[in-house]
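The values are calculated or read from the model by the stated rules, or taken from the named source; none is laboratory data. Every value quoted in this text rests on a predicted model; they were computed, and no experiment measured them. When we count neighbours, we look across all protein chains shown, and the Cβ atoms used for this are built from the backbone with ideal geometry, even at glycine.
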Amino acid sequence: MSEQDLKNIANVLSMAQSVAIMPHLNVDGDALGTSLALALALNSCHCQADVLLEEEVPAMLDFLPGQELIKKAPKDRYQVALNIDNGDITRLGGRLEVYNNAEVRLSIDHHATNKVEADISFVDTKAAATGEIVYRMLTQYMGLPVTQDIALCLYTAIITDTGGFRFSNTTPVTMEIAGELMKTGIDFTNANKMVFDRISYAKLFLMKQTMNSLMLFFNGKLAVSYLRWSDLASFNAKLEDTEGLVNIGRNLEGVEVSLFLKEEKPGSFKGSLRSNQYVDVAKVAERFGGGGHMRAAGFTAEGDLEDIVRALADAIRASLAGEA
């Protein structure tokens, strides 16, 4: 996809009178921060832009400005629908009807495994976060000012997907954009604290449970951990309380791949994959109907936990050996 596609998306948004902005389910900092930033920018120039969510804003992101633009009951029809930071259209959930009924369907993303159909789609896999793409679109192709509120949303988007600039997807461009956003005077220290340092009591207990479940395979190169449905129910946990638990395995010395399985309902698991240096976990996830990035990917699976772990371990073993 060419840069012209992003210019074309910018032109459509510049002329639109109503826009539905839809991030993926289980919204994270990149998806929500980017959505709110774009909604704030569009609403500043006489466009009604709504951010459509099907869930509550995670507590770690409740400091983001622009939340008054979030809607759970959409209009009957929007002129433009924008799928954002989402490579799998089914992850729009019940909002898919809004997307399909819009006059123009747009998609902006940075996942290599993106398969979303749109009238105009732009995917930049070199971007560390979708927030980088939207920053470029706002400043280069739409000429809209990046206010302090917009900057805070975009900065949060970027730190979320780069792990606070620690992940290998961080580039010089990432740092340059972050620097420009910081120049607006945002409280970036508080953003980092809210995203990375504040945890609930439920998450504290889930961290302990995850550590207790951790198993090592293939001479310590694969770490597998999980949470059962009963674990989540016992601690009255929210979806956000499981964010980042996959990193418990990844951060262990000698581990190349970390697999974390969360039983969202009996027999139904959400899987997260992370790698450190050389395994492309997006390819592993694709084999199980998922996708993502080289170093961070996800999938869903139905069945028995032991059978799922066995199948994933076989696929990961091949990747560790350079067979896939």
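So the check is Cβ under 6 Å with 6+ separation or different chains; which pairs have a first residue in the range 229-244 that's under 18 Å from residue 60 (Cα atoms) and a second one that's of a type in the set (Lys, Arg) and assigned to a helix (DSSP H, G or I)? So the pair list comes out as 241/203.
Filtering the range 284-305 for residues that are assigned to a helix (DSSP H, G or I), over 27 Å from residue 169 (Cβ atoms) and either basic (Lys, Arg) or in contact with a strand residue (DSSP E or B) (Cβ under 8 Å, 6 or more places away or on another chain) (or both) leaves a non-empty set. Of all residues in the range 189-236, how many are under 26 Å from residue 284 (Cβ atoms) and in a loop (DSSP other than H, G, I, E, B)? Residues flagged as under 26 Å from residue 284 (Cβ atoms) and in a loop (DSSP other than H, G, I, E, B) within the range 189-236 amount to 6. Taking the range 63-106 as the range and being over 21 Å from the mean Cα position of the chain (by Cα) and buried (at least 17 other Cβ atoms within 10 Å of the Cβ) as the test, the residues that pass are 74, 78, 79, 80, 102, 104.
Looking across the range 217-248, the residues that are under 20 Å from the mean Cα position of the chain (by Cα) and farther than 17 Å from residue 265 by Cβ come down to 240, 243, 244, 245, 246, 247, 248. Got at least one residue in the range 43-62 being in contact with a Gly (Cβ under 7 Å, 6 or more places away or on another chain), of a type in the set (D, E, K, R) and either at positive phi or buried (at least 22 other Cβ atoms within 10 Å of the Cβ) (or both)? No, there is no match, as no residue in the range 43-62 is in contact with a Gly (Cβ under 7 Å, 6 or more places away or on another chain), of a type in the set (D, E, K, R) and either at positive phi or buried (at least 22 other Cβ atoms within 10 Å of the Cβ) (or both). Of all the residues in the range 129-141, those that are buried (at least 20 other Cβ atoms within 10 Å of the Cβ) and more than 19 Å from residue 86 (Cβ to Cβ) number 1.
Residue-wise test of (1) under 13 Å from residue 33 (Cα atoms); (2) modelled with pLDDT of 95 or more; (3) of a type in the set (S, T, N, Q).
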{"site": "128", "(1), (2), (3)": "no, yes, no"}
{"site": "132", "(1), (2), (3)": "yes, yes, no"}
{"site": "163", "(1), (2), (3)": "no, no, no"}
{"site": "169", "(1), (2), (3)": "no, no, yes"}
{"site": "190", "(1), (2), (3)": "no, yes, yes"}
{"site": "199", "(1), (2), (3)": "no, no, no"}
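One residue stands out in the range 120-149 among those that are part of a loop (DSSP other than H, G, I, E, B) and within 12 Å of residue 6 (Cα to Cα): the one that is farthest from the chain's Cα centre (by Cα), namely 142.
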